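Down below is the structure, laid out as structure tokens.
Bear in mind that the values in this text are calculations on the coordinates, not laboratory data. All figures in this text were calculated on a predicted structure; none of them were measured in a lab. Neighbour counts run over all protein chains shown; Cβ positions are idealised from the backbone, glycine included.
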Amino acid sequence: MTDMLMPLHAFRFRVRFTRTGGEGGQEDVCGGAFAECTGLESTMEPKAIKAGGMNYGAVQRAGPVSFATVVLKRGMTRTPDLFRWYQLVAGGAYALRLSAELEVLDTAGETALTWGLDNCLPVKFKAADLNARGTEIGIEELHLAHEGLRLFDSGGP
């Protein structure tokens, strides 16, 4: 069996946020090791066209595409980058959109594939629940709305 057919482990990934620089280049804004990522999905709503004389079924055409909200969870850290981004957008900086790349790593730690999210907008930030009697690590969440889901070949655009 070749490496291309081997299933990837879903627990090895990293996330990086970038924005387009002044001269068209990409600059890293923040990134991190996240414990969980959900919502990497895209749905196309088919449009049924019923034609006269076609009694067996309707013709199916491609309709509008929608994207799920991506939820990133990680252990709470002292790095405030993600909350500051959310705070800026919530305060009126609506144009401050970032791109995100989610790299899935193979068993050797190399990038196997990369998912890209276009024009991400932070729509929810949840700080960790605080409990003086608890012993678990605090988990914070960042919810992202975005305008496109892409899959890059072998870790690059």
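For this structure, a couple of remarks:
- In the range 94-157, taking the dipole from charged Cβ atoms about the Cα centre, the farthest positive-side position among Val104, Asn131, Cys120 is held by Asn131.
- Once the Cβ-Cβ distance of Ser66 and Gln87 is raised to the sixth power relative to R0 = 25 Å, the FRET efficiency obtained is 0.40.
- Taking Cβ atoms as reference points and 12 Å as the exclusive limit, the residues near Arg97 contribute a net charge of -1, counting Lys and Arg as +1 and Asp and Glu as -1.
- A cut-off of 5 Å between modelled amide H atoms, ignoring neighbours fewer than 5 places along the same chain, links Val123 with His143, Leu144, Ala145.
- Under a 5 Å amide H cut-off, with hydrogens placed 1.01 Å from N, Phe34 pairs with Val15 among residues at least 5 apart or on other chains.
- Panel values: the range 87-152, Kirkwood radius from alpha carbon pairs, Stokes-Einstein at 25 °C and 0.890 mPa s, translational diffusion coefficient 170 µm²/s.
- Residue-by-residue Karplus 3J(HN,Hα) for the range 76-84, coefficients 6.51, -1.76, 1.60, Hz, glycine and proline x: 4, 10, 7, 7, x, 4, 5, 5, 4
- Extension gain, Lys124 back to Met44 (0.36 nm per residue minus Cα-Cα distance, nm): 26.3 nm
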